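Below: the structure, in structure tokens.
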Amino acid sequence: MKKILALTVAALCYFCTYSQEAEASGNIPTLIISPRFEVNPYIRTGGGGYSGVDFGTSSLYTLLEGSVGNNFSYYMSNHWVSTDTKSLYQNAFRSDSFDFIDILTLSYSVGRFTFTVGKDMISIGGYELDPLDIEQHAILCSPFWNNCTIYQWGGKVEYTTKDEASTVALQFGTSPFGEYPFKSKLFSYSFIWYGEYGCFAPIWSANLIEYEPGTFIKIASLGNGFFVGNFAAEIDLMYKHLNCGWRDGYGKESNHEFSVVSKFGYTLKDKVELFVKGGYEHRTGLDIFGYEDDFCFMPTDLSSKSFAFYGGGVNYYPLRSSKDLRLHAVIAANTHSKSLALSIGATYHFNLTDTIRKHK
């Protein structure tokens, strides 16, 4: 805890000092402090089911972003506290684990091109991966979202068309199957396309993620968003394939996996979001993104060849003039846990930059 406090104080001191300098040049950084607190009770619905209570994804994040001059920009998202805070620092700077740095990037923009280096999300895309982690409800997310260490070090080049309707990007980065970035010499290669065409907004990608030297997991992801008035529909289709030879005496490893994740939502007067969500995954062979731990509700190592999850909830924004505060209530179930999960909590995005401006 002392380390966390020291890091937080250092970050705030740096921000206050830097913001004074940046204000003089007109490039004021934005610092947002985002705590989330939730309580998740689990109710057993069948033999061998899971029951209990935990604090879900209660956490503390910060987001720092800004620009330097007319062409450079930076973005930093930190995960300072979780229900397993110790692991965020014990596993720091590993490729195969989550740590206290989600995103840390420096970008240079010229014309319609943007060049980015640092730690960023692998460009697999889809609407489930697109929001910030703190905005998602983990009990109602796929095993892939829960298990894959999606944040990796590398670089990316983006091109946006003149009408800004399409953006395409090529990305090179480390692999979540390596132990340490670059030292493990396992990499990932991605191509992604973002589009906005009236009521249809695709996020499509093709990826090669190195599983072991010279052997790649092939991932094709088609994220499809449809937005009409207050209605929104998000449908993610993903196919993953791995085929490698005999290794470590365990025999031939292979995987074919297809998944679909859908979410349908309706917004009432910009204050209430009602949504239902569900997904289905069918797998043959190795569970390549499974981790072994004691989390019982969402599987980390699927023993069956098919898995389904489903549920719904409501997000409510009580503040009159902003969406900084969100209250949520979610219910979820799946074919693995033989239990029902509830999540009740709140998320608050405190914009320190705006607060400092208002009190000057």
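The values are calculated or read from the model by the stated rules, or taken from the named source; none is laboratory data. Values in this document were obtained by computation on a predicted structure and should not be read as measured data. Reconstructed Cβ throughout: ideal geometry from the backbone, glycine too, with neighbour counts over all protein chains shown. Ligands, DNA and RNA are stripped out before the accessible areas are found, and what is left, the full protein with its side chains, is counted by its heavy atoms. Shrake-Rupley method; radii C 1.70, N 1.55, O 1.52, S 1.80 Å.
In table form, for the structure just shown:
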read-out: Positions within the stretch 324-352 being modelled with pLDDT under 95 and of a type in the set (D, E, K, R), in sequence order; value: Lys338
read-out: Within the stretch 139-153, considering residues that are touching a Ser or Thr at 6+ places or on another chain (Cβ under 8 Å) and open to solvent by 20 Å² or more (accessible area, probe 1.4 Å), the one nearest to Tyr211 (Cα to Cα); value: Trp153
read-out: Condition met for Phe289 (in a strand (DSSP E or B), surrounded by 18 or more Cβ atoms within 10 Å (Cβ to Cβ) and modelled with pLDDT under 95); value: no
read-out: Residues of the stretch 26-47 classified as outside any strand (DSSP E or B) and at negative phi, total; value: 6
read-out: Search result, residues across the stretch 330-360 that are of a type outside the set (Val, Ile, Thr), within 20 Å of the chain's Cα centre (by Cα) and within 28 Å of Thr45 (Cβ to Cβ); value: Ala332, Ser343, Gly345, Ala346
read-out: Single condition Asn243 does not satisfy, out of (1) open to solvent by 80 Å² or more (accessible area, probe 1.4 Å); (2) in contact with a strand residue (DSSP E or B) (Cβ under 8 Å, 6 or more places away or on another chain); (3) closer than 30 Å to Leu327 by Cβ; value: (3)
read-out: Answer residue from the stretch 338-360, given it is within 15 Å of Thr57 (Cβ to Cβ) and out of contact with any Pro (no Cβ under 7 Å at 6 or more places or on another chain) and is most open to solvent (accessible area, probe 1.4 Å) among those; value: Ile344
read-out: Residues satisfying the stated conditions in the stretch 60-75, i.e. among the polar types (S, T, N, Q) and at positive phi; value: none
read-out: Verdict on Ala220 being surrounded by fewer than 17 Cβ atoms within 10 Å (Cβ to Cβ) and small (Gly, Ala, Ser); value: yes
read-out: Residue check for Val276: among the hydrophobic types (A, V, I, L, M, F, W, C), in contact with a strand residue (DSSP E or B) (Cβ under 9 Å, 6 or more places away or on another chain), open to solvent by less than 70 Å² (accessible area, probe 1.4 Å) and at pLDDT 95 or above; value: no
read-out: Any hit, the stretch 82-93, residues being closer than 26 Å to Phe264 by Cα and in contact (Cβ under 8 Å) with a residue 24 or more places away in the chain; value: no
read-out: Index of the failed condition, Ser87 passing every other in (1) outside any strand (DSSP E or B); (2) among the polar types (S, T, N, Q); (3) open to solvent by less than 20 Å² (accessible area, probe 1.4 Å); value: (3)
read-out: Checklist (1) at pLDDT below 95; (2) under 30 Å from Ser109 (Cα atoms); (3) surrounded by 14 or more Cβ atoms within 10 Å (Cβ to Cβ) applied to Thr62, failing item; value: (1)
read-out: Residue ID - modelled with the lowest pLDDT, chosen from residues in the stretch 234-272 that are out of contact with any Gly (no Cβ under 6 Å at 6 or more places or on another chain) and among the acidic types (Asp, Glu); value: Asp248
